[in-house]
Amino acid sequence: MLRGFHCNRTKHSIMSVDKSTVARVARLARIHVPEDRQEKLSAELNGILAWIEELNEVDTDNVEPIASVTGHSLPRRKDVVSDGDRVDEVLANVPETASGFFVVPKVVE
Amino acid sequence: MSNLVEGRTGEWEVVIGLEVHAQVASNAKLFSGAPTAFGADPNANVSLVDAAMPGMLPVINQECVRQAIRTGLGLKAEINLVSVFDRKNYFYADLPQGYQISQYKQPIVGEGVLRLDMPDGTTREIGIERLHLEQDAGKSMHDQHPSKSYIDLNRTGVALMEIVSRPDMRSAAEAAAYVRKLRSILRYLGTCDGNMEEGSLRADVNVSVRRPGGEFGTRTETKNLNSLRFIQQAIDYEVARQIEIIEDGGEIDQETRLFDTSTGTTRAMRSKEDAHDYRYFPDPDLLPLVIPQEEVDELSAALPELPDQIRDRLTGEYGLSAYDAAVIIEERETASYYEAASAGRDRKLVANWMTVELFGALNKSGQTLADCKVTPAALGGLVGLIEDGTISGKIAKDVFATMFETGKDAAAIVEEQGLKQVSDSGAIEAMIDEVIAANDDKVAEYRGGKDKLFGFFVGQVMKASKGQANPGMVNQLLRAKLDG
């Protein structure tokens, strides 16, 4: 999935993030990262990843993956309409509206 | 039947796989309490969860889960008792969260199968790869303003089932048959209304071509087709386009394409190279969905009879043709109508009256079975009158026309209009005598060897009886008189 992360799933490997990966991830996330910040960020991210890598030292053979520490299962709601009809609130923060629509710069494929 | 396509350099095999997005039939959305109703005012069906306000948390709608399980069971698929919701990240104006909640590696439903009965009588099995639950996006309107797009989030967060087939289809006709069958199953199950015009059922079509039996070619994906005709047009266009490129020595780009409904052609999306880098990861707002086996068993036990089961009864026990059976079972309402009308009657005869006369009259008048004045019992009654010889098939057509107009009972119409078939041999003989007396010359010709004139005499007698004489008896008595 994470193309560009040089990810090796064997233990004790180090993931590394280079400058171009930083630029790409920033673009995908719509975060502006100036060119001169990218090198520094890649070093920081590699530091964090290296720290996470330490977890690989724990032996997790025969341990079930855990999704929650609370022991709760996914709560479900009944199929009942209990919301909606609040256009004013939904549009309250919107810079531009027209007849109940959000109005945004033209996005057309 | 060969599905191969002839190119300039030889034959090509078409390979098609479909991703169908079916809107789950539910009152509220997948993760919020906002309504799913079609046609509301802009942004009226939006909760703060759907609008992705900070701090809002998704809570899953239990009915959507159950509908997905029912659909999985209807597709004879494996139900995954543990499944996981992931975030599929991308930016678009009609996706306020910045990600779609979907299921990636662990969908709620795994492999299944769907049977196609083709018009030529053959059967094809199409593999289902998976079914997963996901949120629909909002709707963008680009034609309201020269430089702006208008966004309506009413559809945002409505539950969809994405049903992914194996690349098992080999022609546009098979792809259409697949969608028709899938739609039929969903409607029988009540898990999706199947309304393609309102967008409740849409398909993405993956198409590639290859030399017969060779390795798969590179495929293209044409998005968001909302009618059977568009699906077939898009496939035909893609097949021709791809064959031409390859035969000219070119290569197919793996890409997403858009279908232009006005020209029937496809064109490449102005693709951003990152468009498919969705960076899926498990949604931290949602725990894994765990389904108790008992819940699956309970839903399975309550499943309605499905088209394949009914079809097997119609072609087996009732002896209908595969074609008649397919026409009758496509809609659940039609199948129930048929079962009610044909109970205790000649099953084939009722099928024939339904598919020819009733459907013909409905088509002609633009009505549906729901508005039809002819009740199942009334149609059965008409067939009953044919079966016991009260009226001939020919008279029955006139009676049916009156039934269709007025909603009256067949027996009442026959009584009122005096259409009862004449099966009294004395009365028929008298008419025959008259016809013979009035046509000496033709009688002589017939007896002189011109056998073909027999039909003329039958016609004259039927005319004399205003169509009410029993045709079998007319034949028999006439022959005795003329030959005797």
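The ellipsoid that matches the Cα gyration tensor of segment B:1-45 has semi-axes, each √(5λ) in whole angstrom, of 46, 12, 9, with the longest given first.
Computed from the Cβ-Cβ distance with R0 of 22 Å, the FRET efficiency linking B:Ala52 to B:Asn224 stands at 0.45.
The translational diffusion coefficient of segment B:1-86, from Stokes-Einstein at 20 °C and 1.002 mPa s with a Kirkwood hydrodynamic radius over alpha carbon pairs, comes to 126 µm²/s.
Given their separation in residues at 0.36 nm each and the Cα-Cα distance between them, B:Arg115 and B:Thr368 gain 88.4 nm when the chain is fully extended. By the Cα gyration tensor, segment B:243-332 has an equivalent ellipsoid whose semi-axes, rounded to whole angstrom, run 42, 32, 12 from largest to smallest. Averaging the sequence gap over all C-alpha pairs within less than 8 Å and six or more residues apart, then dividing by the number of residues, gives segment B:302-425 a relative contact order of 19 percent. The string of couplings for segment A:57-73 from the Karplus curve (6.51, -1.76, 1.60, θ = phi - 60°) is 6, 6, 7, 10, 4, 6, 10, 5, x, 10, 9, 8, 8, 8, x, 7, 9 Hz, one whole number per residue in order, with x for Gly and Pro.
Over chain B, calculate the relative contact order: mean separation of alpha carbon pairs under 8 Å at least 6 apart, over the residue count, as a percent. Once divided by the residue count of chain B, the mean separation gives 14 percent. Secondary-structure-derived ellipticity at 222 nm for chain A, considering helices only, amounts to -9000 deg cm²/dmol, per-run term -39500 (n - 2.57) for DSSP H runs with n ≥ 4.
Pairs of Cα atoms nearer than 8 Å and 6+ residues apart set the relative contact order; for segment B:292-349 it is 29 percent. Each of B:Ile246, B:Thr191, B:Gly17 was placed along the dipole of chain B (beta-carbon charges, centred on the mean Cα), and the one lying farthest toward the positive end is B:Ile246. Remark on segment A:72-87: accessible area falls by at least 50 square angstrom from chain-alone to full-complex state for A:Leu74, A:Arg76, A:Arg77, A:Asp79, A:Val81, A:Asp83, probe 1.4 angstrom. From zero outward in steps of 5 Å, how is the percent of C-alpha pairs of segment B:393-463 spread across the bins? In order of increasing distance, the bins hold 3, 14, 19, 16, 12, 12, 10, 7, 4, 1, 0 percent. Think of it as helices only: each DSSP H run of n ≥ 4 in chain B is worth -39500 (n - 2.57), and spread over all residues that comes to -11500 deg cm²/dmol at 222 nm. Rounded to the nearest Hz, the phi-derived 3J(HN,Hα) couplings of segment B:321-338 under the Karplus curve 6.51 cos²θ - 1.76 cosθ + 1.60 (θ = phi - 60°) are 6, 4, 5, 4, 4, 4, 5, 6, 8, 4, 10, 4, 5, 5, 4, 5, 4, 4, where x marks glycine and proline.
Accessible area per residue for segment B:5-298, computed on protein heavy atoms with a 1.4 Å probe, is 41 Å².
Spacing of the modelled spin labels on B:Ala427 and B:Asp346, each 7 Å from Cα toward Cβ, amounts to 2.1 nm.
Measuring spread by the Cα atoms of chain A yields a radius of gyration and Dmax of 22.3, 59 Å. Normalising the Debye intensity of segment B:25-158 to I(0), with uniform scatterers on Cα atoms only, and taking log10 at q = 0.12, 0.18, 0.19, 0.21 Å⁻¹ returns -0.58, -1.01, -1.07, -1.19. Ranked by solvent-accessible area (1.4 Å probe, protein heavy atoms only, all chains present), the residues B:His21, A:His72, A:His32, B:His276 order from largest to smallest as A:His32, A:His72, B:His276, B:His21. Report, as a whole number in µm² per second, the diffusion coefficient that Stokes-Einstein gives for segment B:155-268 at 25 °C and 0.890 mPa s using the Kirkwood radius over alpha carbon pairs. Diffusion coefficient, whole number: 162 µm²/s. Once Rg and the Kirkwood radius are both taken over the C-alpha atoms of chain B, their ratio Rg/Rh works out to 1.12.
Here segment B:425-483 is assigned +1 on the Cβ of each Lys and Arg and -1 on the Cβ of each Asp and Glu. Its dipole about the Cα centre then comes out at about 200 debye.
Amide H contacts for B:Thr265 (H built 1.01 Å from N in the peptide plane; partners 5 or more residues away or on another chain; cut-off under 5 Å): B:Asp260. Here r is the Cβ-Cβ distance between B:Gln293 and B:Leu482 and R0 is 56 Å; the resulting FRET efficiency, rounded to 0.05, is 0.15.
Here the Kirkwood formula, the inverse mean of 1/r across different C-alpha pairs, assigns segment B:270-376 a hydrodynamic radius of 17.7 Å.
Among B:Tyr104, B:Met161, B:Met473, whose Cα lies farthest out toward the positive end of the dipole of chain B, if unit charges sit on the beta carbon of Lys, Arg (+1) and Asp, Glu (-1)? Highest projection toward the positive end goes to B:Met473. Of A:Glu64, B:Glu445, B:Glu247, B:Glu434, the residue with the largest accessible area leads and the full order is A:Glu64, B:Glu434, B:Glu445, B:Glu247 (1.4 Å probe).
Against the compact-protein benchmark of 2.2 N^0.38 Å, the Cα-based radius of gyration of segment B:328-484 scales to 1.27. Close amide H partners of B:Phe281, meaning residues 5 or more places away or on another chain with modelled amide H under 5 Å apart, are B:Arg87. Volume per residue of the convex hull around the Cα atoms, evaluated for the protein assembly as shown, comes out as 247 Å³. Take the accessible area of B alone and of A alone, subtract that of the pair with a 1.4 Å probe, and the total buried over both chains is about 4400 Å². Would you be so kind as to identify which of B:Ala361, B:Pro376, B:Ile395 lies farthest towards the positive end of the dipole of segment B:357-415, taking Lys and Arg as +1 and Asp and Glu as -1 on Cβ and the Cα centre as origin? About the Cα centre, the residue reaching furthest to the positive side is B:Ala361. Using the alpha-carbon positions of segment B:425-483, Rg (one decimal) and Dmax (whole number) come out as 10.4, 30 Å. Computed with a 1.4 Å probe over protein heavy atoms only, the accessible area of B:Arg187 comes to about 80 Å². Computed in the context of the full set of protein chains, the accessible area of the protein assembly as shown at 1.4 Å probe radius has 51% of its extent on carbon or sulfur.
The values are calculated or read from the model by the stated rules, or taken from the named source; none is laboratory data. All values derive from a computational prediction rather than experimental measurement. Neighbour counts run over all protein chains shown; Cβ positions are idealised from the backbone, glycine included. Just the protein is used for accessible areas: all its heavy atoms, side chains included, with ligands, DNA and RNA removed. Shrake-Rupley method; radii C 1.70, N 1.55, O 1.52, S 1.80 Å.
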